[in-house]
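Down below is the structure, laid out as C-alpha coordinates.
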Amino acid sequence: MTAIDHQVTTSELPVDGTELLEPELQRLAAEVRAFADDVVAPASYEYDTQRRLPIEIIRQMGAMGLFGLPLPTEYGGQGKSYLHLCVAVEQLARVDQSIAVTLEAGLGLGAMPIYRFGTEEQRRTYLPSLARGEGLAAFGLTEAGAGSDAGATQTRAVLEDGWWTIDGTKQFITNSGTPITNVVTVTAVTGEKEGKDGRRKPELSTIIVPVPIEGFTALPAYDKVGWHTSDTHPLVFDGVKVPEANLLGERGRGFANFLSVLDEGRVAFAALCVGAAQGCLEQAIARAKERVVFDRPIGDNQHIAFTIARMQSRVAAARAVMHDAARRIDAGMPFTKQASLAKLIGSEAAMANAADATQIWGGYGFMNENVVARHYRDARILTLGEGSTEVQLAIIAKQLGFEKAFG
(Lines give C-alpha, C1' and ligand atoms only; values in the text may rest on other atoms or scores of the structure.)
Protein backbone atom coordinates (compact mmCIF):
# COMPACT_ATOMS: atom_id res chain seq x y z
CA MET A 1 0.00 0.00 0.00
CA THR A 2 1.20 3.52 -0.73
CA ALA A 3 -0.07 6.93 0.24
CA ILE A 4 -1.05 7.44 -3.37
CA ASP A 5 -3.28 4.44 -4.09
CA HIS A 6 -5.10 4.06 -0.75
CA GLN A 7 -8.87 3.99 -1.18
CA VAL A 8 -10.74 6.35 1.11
CA THR A 9 -14.46 6.62 1.66
CA THR A 10 -16.54 9.55 0.47
CA SER A 11 -17.30 10.47 4.08
CA GLU A 12 -13.58 11.08 4.70
CA LEU A 13 -13.39 13.69 1.94
CA PRO A 14 -12.54 16.46 1.92
CA VAL A 15 -10.39 16.98 4.98
CA ASP A 16 -10.64 20.50 6.42
CA GLY A 17 -8.47 22.87 4.44
CA THR A 18 -8.25 20.67 1.34
CA GLU A 19 -11.58 21.52 -0.27
CA LEU A 20 -9.96 23.37 -3.18
CA LEU A 21 -7.06 20.96 -3.67
CA GLU A 22 -6.89 18.38 -6.44
CA PRO A 23 -8.68 15.06 -5.69
CA GLU A 24 -5.37 13.21 -5.36
CA LEU A 25 -4.23 15.63 -2.66
CA GLN A 26 -7.57 15.28 -0.90
CA ARG A 27 -7.16 11.51 -0.84
CA LEU A 28 -3.62 11.79 0.48
CA ALA A 29 -4.76 14.13 3.26
CA ALA A 30 -7.55 11.72 4.23
CA GLU A 31 -5.23 8.71 4.32
CA VAL A 32 -2.53 10.41 6.36
CA ARG A 33 -5.14 11.86 8.70
CA ALA A 34 -6.57 8.39 9.30
CA PHE A 35 -3.07 7.00 9.91
CA ALA A 36 -2.31 9.85 12.31
CA ASP A 37 -5.52 9.30 14.27
CA ASP A 38 -5.46 5.49 14.30
CA VAL A 39 -1.73 4.73 14.63
CA VAL A 40 0.26 7.79 15.71
CA ALA A 41 -2.08 9.45 18.21
CA PRO A 42 -2.74 6.40 20.43
CA ALA A 43 1.02 5.83 20.84
CA SER A 44 2.15 9.44 21.16
CA TYR A 45 2.02 9.80 24.93
CA GLU A 46 3.89 6.53 25.49
CA TYR A 47 6.72 7.47 23.15
CA ASP A 48 6.78 11.02 24.48
CA THR A 49 7.37 9.78 28.02
CA GLN A 50 9.99 7.30 26.80
CA ARG A 51 11.63 10.05 24.72
CA ARG A 52 12.12 7.53 21.95
CA LEU A 53 11.52 7.79 18.22
CA PRO A 54 9.17 4.91 17.30
CA ILE A 55 11.05 3.35 14.41
CA GLU A 56 8.13 0.98 13.80
CA ILE A 57 5.89 3.96 13.00
CA ILE A 58 8.58 5.51 10.80
CA ARG A 59 8.80 2.27 8.85
CA GLN A 60 5.02 2.27 8.36
CA MET A 61 5.26 5.80 7.01
CA GLY A 62 7.98 4.61 4.67
CA ALA A 63 5.78 1.74 3.46
CA MET A 64 3.03 4.29 2.77
CA GLY A 65 5.42 6.19 0.52
CA LEU A 66 5.49 9.35 2.65
CA PHE A 67 9.29 9.66 2.71
CA GLY A 68 9.40 9.53 -1.07
CA LEU A 69 6.53 11.87 -1.92
CA PRO A 70 8.45 14.62 -3.79
CA LEU A 71 11.29 12.38 -5.00
CA PRO A 72 11.29 11.06 -8.59
CA THR A 73 10.29 7.46 -9.18
CA GLU A 74 13.71 6.60 -10.63
CA TYR A 75 15.14 7.13 -7.14
CA GLY A 76 12.45 5.13 -5.37
CA GLY A 77 10.12 8.08 -4.75
CA GLN A 78 6.50 8.76 -5.57
CA GLY A 79 7.18 11.48 -8.14
CA LYS A 80 4.69 13.86 -6.57
CA SER A 81 4.78 17.57 -5.81
CA TYR A 82 6.23 19.43 -2.83
CA LEU A 83 2.66 20.31 -1.90
CA HIS A 84 2.02 16.57 -1.44
CA LEU A 85 4.72 16.54 1.24
CA CYS A 86 3.23 19.60 2.93
CA VAL A 87 -0.24 18.04 3.00
CA ALA A 88 1.15 14.89 4.65
CA VAL A 89 3.22 16.81 7.20
CA GLU A 90 0.22 18.93 8.20
CA GLN A 91 -1.96 15.91 8.93
CA LEU A 92 0.71 14.24 11.07
CA ALA A 93 1.43 17.43 13.01
CA ARG A 94 -2.20 17.66 14.15
CA VAL A 95 -1.54 14.82 16.59
CA ASP A 96 2.24 14.64 17.01
CA GLN A 97 4.75 17.31 16.03
CA SER A 98 7.73 15.02 16.70
CA ILE A 99 6.59 12.49 14.10
CA ALA A 100 5.81 15.29 11.66
CA VAL A 101 9.24 16.90 12.01
CA THR A 102 10.90 13.51 11.51
CA LEU A 103 9.28 13.38 8.08
CA GLU A 104 9.79 17.09 7.37
CA ALA A 105 13.48 17.09 8.30
CA GLY A 106 14.18 13.69 6.81
CA LEU A 107 12.96 14.88 3.43
CA GLY A 108 13.20 18.68 3.40
CA LEU A 109 16.62 18.90 5.04
CA GLY A 110 17.93 15.37 4.56
CA ALA A 111 17.03 13.87 1.20
CA MET A 112 16.12 16.93 -0.85
CA PRO A 113 19.65 18.48 -0.79
CA ILE A 114 21.00 15.26 -2.28
CA TYR A 115 18.30 15.33 -4.94
CA ARG A 116 18.71 19.04 -5.70
CA PHE A 117 22.52 19.23 -5.76
CA GLY A 118 23.82 15.66 -5.93
CA THR A 119 25.41 13.83 -8.82
CA GLU A 120 23.54 10.99 -10.47
CA GLU A 121 25.71 8.50 -8.60
CA GLN A 122 24.99 10.21 -5.26
CA ARG A 123 21.27 10.21 -5.94
CA ARG A 124 21.19 6.52 -6.83
CA THR A 125 23.37 5.63 -3.86
CA TYR A 126 21.47 7.44 -1.12
CA LEU A 127 17.93 8.34 -2.18
CA PRO A 128 16.24 4.92 -2.60
CA SER A 129 16.67 3.88 1.05
CA LEU A 130 15.63 7.36 2.21
CA ALA A 131 12.55 7.33 -0.03
CA ARG A 132 11.48 3.98 1.43
CA GLY A 133 11.93 5.17 5.00
CA GLU A 134 14.55 2.48 5.57
CA GLY A 135 17.12 5.16 6.35
CA LEU A 136 17.02 8.72 7.66
CA ALA A 137 19.14 11.66 6.58
CA ALA A 138 20.23 14.65 8.64
CA PHE A 139 21.47 18.11 7.68
CA GLY A 140 24.45 19.21 9.78
CA LEU A 141 24.47 23.00 9.66
CA THR A 142 24.08 24.58 13.11
CA GLU A 143 27.04 25.05 15.45
CA ALA A 144 27.49 26.69 18.84
CA GLY A 145 28.50 29.96 17.18
CA ALA A 146 26.98 29.45 13.75
CA GLY A 147 23.24 29.18 13.33
CA SER A 148 21.60 32.29 11.98
CA ASP A 149 25.15 33.43 11.10
CA ALA A 150 26.16 30.36 9.12
CA GLY A 151 29.17 32.24 7.79
CA ALA A 152 30.74 31.72 11.21
CA THR A 153 30.99 27.94 10.63
CA GLN A 154 34.05 26.46 12.34
CA THR A 155 33.88 22.86 11.07
CA ARG A 156 36.74 22.25 8.65
CA ALA A 157 37.19 19.82 5.76
CA VAL A 158 40.63 19.39 4.20
CA LEU A 159 41.10 17.68 0.84
CA GLU A 160 44.22 15.55 0.48
CA ASP A 161 45.01 12.62 -1.81
CA GLY A 162 41.39 12.32 -2.90
CA TRP A 163 39.92 12.27 0.62
CA TRP A 164 38.16 14.88 2.74
CA THR A 165 39.14 14.96 6.41
CA ILE A 166 36.39 16.59 8.49
CA ASP A 167 36.84 18.03 11.99
CA GLY A 168 34.28 19.98 13.98
CA THR A 169 31.05 19.89 15.94
CA LYS A 170 27.40 20.49 15.14
CA GLN A 171 24.42 21.19 17.38
CA PHE A 172 20.64 20.58 17.35
CA ILE A 173 20.76 18.13 14.43
CA THR A 174 17.47 16.30 13.81
CA ASN A 175 17.42 12.61 12.80
CA SER A 176 21.16 12.35 13.43
CA GLY A 177 21.33 9.51 15.96
CA THR A 178 18.49 7.10 15.20
CA PRO A 179 19.05 3.37 14.60
CA ILE A 180 18.32 3.98 10.90
CA THR A 181 20.26 7.22 10.35
CA ASN A 182 22.53 6.48 7.40
CA VAL A 183 23.70 9.83 6.07
CA VAL A 184 24.54 13.29 7.40
CA THR A 185 25.18 16.15 5.01
CA VAL A 186 27.57 18.53 6.74
CA THR A 187 28.56 22.12 5.98
CA ALA A 188 32.25 22.83 6.42
CA VAL A 189 34.91 25.40 5.60
CA THR A 190 36.97 23.98 2.74
CA GLY A 191 39.26 26.97 2.14
CA GLU A 192 39.06 30.68 1.40
CA LYS A 193 37.77 32.74 -1.48
CA GLU A 194 37.52 36.37 -2.43
CA GLY A 195 34.24 38.08 -1.65
CA LYS A 196 32.47 40.74 -3.69
CA ASP A 197 34.11 43.40 -1.54
CA GLY A 198 37.58 42.06 -2.38
CA ARG A 199 38.19 40.65 1.10
CA ARG A 200 39.02 37.02 1.79
CA LYS A 201 36.30 34.98 3.45
CA PRO A 202 35.69 31.33 4.30
CA GLU A 203 34.79 29.01 1.45
CA LEU A 204 31.84 26.87 2.57
CA SER A 205 30.99 23.53 0.99
CA THR A 206 28.64 20.67 1.76
CA ILE A 207 29.85 17.08 2.07
CA ILE A 208 27.93 13.82 2.35
CA VAL A 209 28.97 11.67 5.30
CA PRO A 210 27.58 8.11 5.36
CA VAL A 211 27.12 6.88 8.92
CA PRO A 212 28.16 5.07 10.97
CA ILE A 213 31.77 5.94 10.13
CA GLU A 214 34.99 6.15 12.11
CA GLY A 215 35.42 9.52 13.83
CA PHE A 216 31.71 10.37 13.80
CA THR A 217 29.87 10.49 17.11
CA ALA A 218 26.29 11.41 17.88
CA LEU A 219 26.50 12.56 21.49
CA PRO A 220 23.63 11.82 23.92
CA ALA A 221 20.29 13.29 22.87
CA TYR A 222 19.25 16.67 24.23
CA ASP A 223 16.87 16.97 27.17
CA LYS A 224 14.40 19.18 25.30
CA VAL A 225 11.36 21.09 26.57
CA GLY A 226 9.27 19.57 23.81
CA TRP A 227 9.50 17.37 20.71
CA HIS A 228 10.49 14.55 23.06
CA THR A 229 10.05 11.87 20.42
CA SER A 230 12.09 13.71 17.78
CA ASP A 231 15.72 12.57 17.58
CA THR A 232 18.08 15.52 18.15
CA HIS A 233 21.80 15.33 18.95
CA PRO A 234 25.05 17.29 19.05
CA LEU A 235 27.54 15.75 16.62
CA VAL A 236 31.31 15.39 16.67
CA PHE A 237 33.46 14.93 13.56
CA ASP A 238 36.96 13.87 14.62
CA GLY A 239 39.09 13.18 11.58
CA VAL A 240 36.19 11.73 9.59
CA LYS A 241 37.43 10.69 6.15
CA VAL A 242 35.19 10.45 3.10
CA PRO A 243 36.05 10.31 -0.62
CA GLU A 244 36.43 13.50 -2.63
CA ALA A 245 33.38 12.37 -4.63
CA ASN A 246 31.21 12.96 -1.53
CA LEU A 247 31.30 16.71 -2.14
CA LEU A 248 27.65 17.73 -2.60
CA GLY A 249 27.31 20.30 -5.35
CA GLU A 250 30.12 22.63 -6.36
CA ARG A 251 32.96 23.36 -4.00
CA GLY A 252 32.45 26.78 -2.42
CA ARG A 253 28.70 26.77 -3.15
CA GLY A 254 27.75 25.46 0.26
CA PHE A 255 26.42 28.81 1.49
CA ALA A 256 24.15 29.30 -1.52
CA ASN A 257 23.06 25.67 -1.46
CA PHE A 258 22.05 25.58 2.18
CA LEU A 259 20.18 28.87 1.85
CA SER A 260 18.14 27.18 -0.87
CA VAL A 261 17.70 24.08 1.31
CA LEU A 262 16.50 26.18 4.23
CA ASP A 263 14.06 28.13 2.06
CA GLU A 264 12.52 24.91 0.78
CA GLY A 265 12.55 23.26 4.19
CA ARG A 266 10.76 26.22 5.75
CA VAL A 267 7.72 25.58 3.59
CA ALA A 268 7.34 22.02 4.88
CA PHE A 269 8.09 23.34 8.38
CA ALA A 270 5.27 25.84 7.88
CA ALA A 271 3.00 22.89 7.05
CA LEU A 272 3.96 21.39 10.41
CA CYS A 273 3.00 24.68 12.07
CA VAL A 274 -0.37 24.68 10.30
CA GLY A 275 -1.00 21.11 11.42
CA ALA A 276 -0.20 21.97 15.03
CA ALA A 277 -2.52 24.99 14.90
CA GLN A 278 -5.26 22.85 13.32
CA GLY A 279 -4.85 20.16 15.94
CA CYS A 280 -5.23 22.71 18.72
CA LEU A 281 -8.31 24.13 17.01
CA GLU A 282 -9.93 20.70 16.78
CA GLN A 283 -9.22 19.96 20.43
CA ALA A 284 -10.61 23.34 21.50
CA ILE A 285 -13.82 22.82 19.53
CA ALA A 286 -14.33 19.37 21.03
CA ARG A 287 -13.75 20.62 24.57
CA ALA A 288 -16.02 23.65 24.14
CA LYS A 289 -18.89 21.39 23.04
CA GLU A 290 -18.49 18.66 25.64
CA ARG A 291 -17.45 20.56 28.78
CA VAL A 292 -20.54 21.66 30.73
CA VAL A 293 -20.23 24.41 33.36
CA PHE A 294 -23.25 26.01 35.05
CA ASP A 295 -25.56 23.71 33.08
CA ARG A 296 -24.37 24.67 29.61
CA PRO A 297 -21.43 23.89 27.30
CA ILE A 298 -18.60 26.38 27.73
CA GLY A 299 -18.79 27.05 23.99
CA ASP A 300 -22.08 28.85 24.60
CA ASN A 301 -20.06 31.60 26.23
CA GLN A 302 -19.28 34.26 23.67
CA HIS A 303 -15.70 34.64 24.84
CA ILE A 304 -14.96 30.94 24.24
CA ALA A 305 -16.76 30.94 20.88
CA PHE A 306 -14.90 34.07 19.76
CA THR A 307 -11.57 32.64 20.91
CA ILE A 308 -12.17 29.54 18.77
CA ALA A 309 -13.22 31.71 15.83
CA ARG A 310 -9.91 33.56 16.16
CA MET A 311 -8.08 30.23 16.23
CA GLN A 312 -9.81 29.24 12.98
CA SER A 313 -8.78 32.51 11.34
CA ARG A 314 -5.14 31.87 12.21
CA VAL A 315 -5.25 28.38 10.71
CA ALA A 316 -6.90 29.58 7.50
CA ALA A 317 -4.38 32.39 6.99
CA ALA A 318 -1.36 30.20 7.75
CA ARG A 319 -2.55 27.41 5.47
CA ALA A 320 -3.23 29.76 2.56
CA VAL A 321 0.27 31.25 2.72
CA MET A 322 1.85 27.80 3.09
CA HIS A 323 -0.04 26.42 0.07
CA ASP A 324 1.03 29.45 -1.97
CA ALA A 325 4.70 28.90 -1.10
CA ALA A 326 4.52 25.18 -1.89
CA ARG A 327 2.88 25.80 -5.26
CA ARG A 328 5.61 28.31 -6.10
CA ILE A 329 8.22 25.62 -5.45
CA ASP A 330 6.37 23.22 -7.73
CA ALA A 331 6.02 25.88 -10.43
CA GLY A 332 9.72 26.75 -10.34
CA MET A 333 8.97 30.31 -9.22
CA PRO A 334 10.94 32.38 -6.70
CA PHE A 335 9.63 31.59 -3.22
CA THR A 336 12.12 32.90 -0.64
CA LYS A 337 9.80 35.62 0.66
CA GLN A 338 6.77 33.34 0.64
CA ALA A 339 8.69 30.63 2.52
CA SER A 340 9.58 33.06 5.29
CA LEU A 341 6.03 34.44 5.38
CA ALA A 342 4.63 30.92 5.68
CA LYS A 343 7.05 29.98 8.44
CA LEU A 344 6.50 33.23 10.34
CA ILE A 345 2.70 33.22 10.13
CA GLY A 346 2.42 29.48 10.74
CA SER A 347 4.67 29.41 13.80
CA GLU A 348 2.87 32.33 15.41
CA ALA A 349 -0.50 30.72 14.68
CA ALA A 350 0.60 27.46 16.30
CA MET A 351 1.95 29.25 19.37
CA ALA A 352 -1.22 31.28 19.84
CA ASN A 353 -3.58 28.36 19.21
CA ALA A 354 -1.68 26.14 21.63
CA ALA A 355 -2.06 28.75 24.36
CA ASP A 356 -5.78 29.23 23.63
CA ALA A 357 -6.48 25.50 23.50
CA THR A 358 -4.72 24.98 26.83
CA GLN A 359 -6.80 27.74 28.40
CA ILE A 360 -10.03 26.26 27.07
CA TRP A 361 -9.11 22.81 28.41
CA GLY A 362 -8.26 24.25 31.80
CA GLY A 363 -6.44 21.98 34.23
CA TYR A 364 -6.66 19.00 31.90
CA GLY A 365 -4.81 21.05 29.32
CA PHE A 366 -1.81 21.03 31.64
CA MET A 367 -1.55 17.25 31.81
CA ASN A 368 1.11 15.70 29.60
CA GLU A 369 -1.14 12.85 28.47
CA ASN A 370 -3.32 15.48 26.76
CA VAL A 371 -2.23 16.29 23.20
CA VAL A 372 -3.03 19.95 23.93
CA ALA A 373 -0.36 20.04 26.63
CA ARG A 374 2.16 18.46 24.26
CA HIS A 375 1.29 21.01 21.58
CA TYR A 376 1.78 23.77 24.15
CA ARG A 377 5.30 22.50 24.93
CA ASP A 378 6.19 21.61 21.37
CA ALA A 379 4.99 24.84 19.76
CA ARG A 380 7.68 26.88 21.49
CA ILE A 381 10.37 25.56 19.16
CA LEU A 382 8.40 26.58 16.07
CA THR A 383 9.48 30.23 16.33
CA LEU A 384 13.12 29.14 16.70
CA GLY A 385 13.77 26.09 14.54
CA GLU A 386 14.78 26.39 10.88
CA GLY A 387 15.28 30.12 11.23
CA SER A 388 14.00 32.21 14.12
CA THR A 389 11.17 34.71 13.87
CA GLU A 390 13.76 37.49 13.73
CA VAL A 391 15.54 35.82 10.81
CA GLN A 392 12.23 35.47 8.93
CA LEU A 393 11.46 39.15 9.47
CA ALA A 394 14.92 40.06 8.20
CA ILE A 395 14.51 37.91 5.09
CA ILE A 396 11.10 39.40 4.33
CA ALA A 397 12.43 42.92 4.84
CA LYS A 398 15.38 42.20 2.56
CA GLN A 399 13.03 40.85 -0.11
CA LEU A 400 11.12 44.12 0.13
CA GLY A 401 14.27 46.10 -0.61
CA PHE A 402 15.61 46.79 2.88
CA GLU A 403 19.01 45.20 2.35
CA LYS A 404 20.58 46.36 5.60
CA ALA A 405 17.81 44.80 7.68
CA PHE A 406 19.72 41.52 7.53
CA GLY A 407 22.63 43.01 9.40
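The values are calculated or read from the model by the stated rules, or taken from the named source; none is laboratory data. Because the structure is a prediction, the values reported are computed rather than measured. Please note: Cβ atoms are built from the backbone with ideal geometry, for glycine as well, and neighbour counts cover all protein chains shown. These accessible areas exclude ligands, DNA and RNA; they are computed on the full protein's heavy atoms, side chains included. Shrake-Rupley method; radii C 1.70, N 1.55, O 1.52, S 1.80 Å.
Expressed to the nearest 5 percent, the antiparallel share of DSSP beta bridges inside the chain is 85 percent. Within a straight-line Cα-Cα reach of under 19 Å, residue 196 can be paired with the following lysines, leaving aside sequence neighbours fewer than 8 residues apart in one chain: 398, 404. In region 278-407, taking the dipole from charged Cβ atoms about the Cα centre, the farthest positive-side position among 341, 357, 388 is held by 341. Shape of region 287-370 from the C-alpha gyration tensor: prolate (a/c of 1.5 or more and a/b above b/c, with a ≥ b ≥ c the square roots of its eigenvalues).
Surface exposure of the chain, expressed per residue as accessible area with a 1.4 Å probe, stands at 43 Å².
Using a 1.4 Å probe over the heavy atoms of the protein chains, calculate the carbon and sulfur portion of the accessible area of region 249-363 as a whole percent.
On the way: 2650 of 4890 Å².
Here it works out to 54 percent.
Taking a straight line from the alpha carbon of residue 337, these aspartates and glutamates sit under 18 Å away, with near neighbours fewer than eight places off in the same chain left out: 263, 264, 324, 348, 386, 390, 403.
Name the shape class, rounded, prolate or oblate, that the alpha-carbon gyration tensor gives for region 143-207, where a ≥ b ≥ c are the square roots of its eigenvalues, rounded holds for a/c under 1.5, and otherwise prolate holds if a/b is larger than b/c and oblate otherwise. If you can, show how the numbers build up before the last one.
Numbers: a/c = 2.92, a/b = 1.49, b/c = 1.96.
In terms of gyration-tensor shape, oblate.
Sequence-distant contacts, meaning Cα pairs under 8 Å at least 6 residues apart, place the relative contact order of region 182-224 at 41 percent.
All other residues with a Cβ under 11 Å from the Cβ of residue 45 taken together, and with Lys, Arg as +1 and Asp, Glu as -1, what is their net charge? Counting the neighbours of residue 45, the net charge comes to -3. Cα centroid separation, region 354-407 to region 265-322: 15 Å.
Classify region 83-179: rounded, prolate or oblate, from the alpha-carbon gyration tensor (a ≥ b ≥ c, eigenvalue square roots; a/c under 1.5 rounded; otherwise prolate if a/b is larger than b/c)? Please report the intermediate quantities before stating the final value.
Numbers: a/c = 2.30, a/b = 1.39, b/c = 1.65.
Oblate, since a/c reaches 1.5 and b/c is not below a/b.
For residue 183, the residues whose modelled amide H falls within less than 5 Å of its own, excluding neighbours fewer than 5 places apart on the same chain, are 136, 138, 211.
For residue 269, what is the net charge nearby, where nearby means another residue's Cβ is under 12 Å from its Cβ and Lys, Arg count +1, Asp, Glu -1?
Working: positive: 266, 343; negative: 90, 104, 263, 264, 386.
So the environment of residue 269 carries a net charge of -3.
Taking all Cα-Cα distances within region 86-131, those exceeding 14 Å account for 51%.
Using only alpha carbon pairs under 8 Å that are at least six residues apart, calculate the relative contact order of the chain and give it in whole percent.
Numbers: 790 pairs, mean separation 61.4, N = 407.
For the chain, the relative contact order is 15 percent.
Taking Cβ atoms as reference points and 13 Å as the exclusive limit, the residues near residue 183 contribute a net charge of 0, counting Lys and Arg as +1 and Asp and Glu as -1. Around the Cα centre of the chain, unit charges on the Cβ atoms of Lys, Arg, Asp and Glu (plus for the first two, minus for the last two) sum to a dipole of about 800 debye. Principal axis extents of the Cα atoms in the chain, from largest to smallest and rounded to whole angstrom, are 79, 48, 41. What percentage of all Cα-Cα pairs in region 165-236 are separated by more than 16 Å? Result: 55 percent of Cα pairs exceed 16 Å. On region 81-163, 47 percent of the accessible area sits on carbon and sulfur atoms, based on a 1.4 Å probe. Within region 27-120, the ratio Rg/Rh, alpha carbon atoms throughout and Rh by Kirkwood, equals 0.98. In straight-distance terms, cross-link reach from residue 224 covers every one of the lysines whose alpha-carbon lies under 22 Å from its own, apart from those fewer than eight places away in the same chain; here that gives 170, 343.
Add -39500 (n - 2.57) for each DSSP H run of 4 or more in the chain, then divide by its residues: what number comes out at 222 nm, to the nearest 500 deg cm²/dmol?
Values: 12 runs with 183 residues, N = 407.
Value at 222 nm, helices only, nearest 500: -15000 deg cm²/dmol.
Taking the chain as a Gaussian network of alpha-carbon nodes connected by springs under 10 Å, the highest mean-square fluctuation of the residues 27, 251, 199 belongs to 199. Ranked by the mean number of other Cβ atoms within 10 Å of their residues, highest first, the peptides 282-289, 202-209 fall in the order 202-209, 282-289.
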